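Please treat every number below as a calculation from the coordinates, not as lab data. Please read these numbers as outputs of a predicted model, since none were measured by experiment. Here the Cβ positions follow ideal geometry from the backbone for every residue, glycine too, while neighbour counts run over all protein chains shown.
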Amino acid sequence: MKFWMAYRLLLGNRGRALFPLGGVIVGAMALIMTLSLGEGAKNIIDNDLSAIGSNRILVGAENLGSRDLEIIERLPFVEYGVFPEKRESVDNIIFKGYSKKALHAMGLPDLQENEVVLDKSQFHEKKVGELIELETGNGKRIFRIRDLYQELSPFETMKLGDRVIVGDKTFEKIFGRRDYKSLVISFPQDEDGVEYIPVILRELNRSRLSYGQVRLLETPDVYRKVERIKTFVSKILFSLSFISLIVGGIGVLNLIGASVRERGSYIGIMRTIGMGKRVLIEIFLLEGIIIVGFGSVIGIILGVMMSYMVGLIINIPPYFSLIEIVLSMIVTMGIGLLFGVFPAKKAGKIEIVDALKV
């Protein structure tokens, strides 16, 4: 009964209802997009082994090689090492070489000679265990498909070519390349990589001459600066979504306030026939709940859809958390209802005689 009466009040004031409804929808949509795309961007950096992440460093020298990688990966506090330059493009194929530890970090198995891992988004019809013939620049070679993976990093997907992963030894045997100029070193998340930089450099430079010394190129501080910029942008977007919710909340306040003013005589009649103040407050508050609830659901649905659309454009797959979606809905409804309480209480305080005079 209360809900039906609130619904009838809302239908009678459709024009005013559009403004707060729009504010709530835009606010909820912006909130979902900010959270999902921000988390998606973080996941991309974490999943890209060659990117400077929260706990990775980049070292460089004129002649880094497999021996240096073995030295690094033997250290107990190193998760894996990757040569960003360990890739070769042949025709339309991009070969990338990874060590066993790097493969494990990607959730992939060890690769023996002539075994490959293919990007399943490019090799749609290929299956694990099948043989595949690939051009290597030194003639065609037959490989066995050991596994399939999904490339998520936009830094990789923007590059033209079908992605093929091979073991580091196989890569060097096929292409004959053994010297590199940079090496990404990753540490476990619970380790402070900066503390180990002196140890890393000492181990790599132990048997090198002064002109061939390994030097530090980038530290996690670079990543942290990017994180600070991303956090700043996220705060701006979050502020805009919060402002939209405040605008929607003010609209709810205005809507209920207008309903109270325009329906003074109806309030008087309802009070005369025995309707209590509490019931009257609940009816007007339900009017705000309908607006906020409906707007929240539409805003979240549109937010999810827009996140996927924007993600396709900027090559950042959104990441959705059920907890964040629920919290977004709670925040949206909470702000809307907060603004609806005051005019609803005001309606309940109107005396019968004053209401009938309107």
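In table form, for the structure just shown:
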{"quantity": "Neighbour-count ranking [beta-carbon atoms within 10 angstrom, fewest first] of LYS96, LYS101", "calculated": "LYS101, LYS96"}
{"quantity": "Exposure proxy order (Cβ contacts within 10 Å, fewest to most) of MET333, MET309, MET158", "calculated": "MET158, MET309, MET333"}
{"quantity": "Charged-residue dipole, Cβ positions (Lys, Arg, Asp, Glu), region 56-219 about Cα centre, Debye nearest 20", "calculated": "420"}
{"quantity": "Sorted by Cβ neighbour density within 10 Å, fewest at the top, the residues PHE83, PHE123, PHE77", "calculated": "PHE77, PHE123, PHE83"}
{"quantity": "For ILE94, residues with placed amide H under 5 Å, excluding near neighbours", "calculated": "ASP162, ARG163, VAL164"}
{"quantity": "Extreme residue, positive dipole direction of region 56-219, given options GLY65, VAL78, PRO109 (C-beta unit charges)", "calculated": "GLY65"}
{"quantity": "Inter-centroid distance (Cα atoms) of region 165-217 relative to region 79-126, Å", "calculated": "18"}
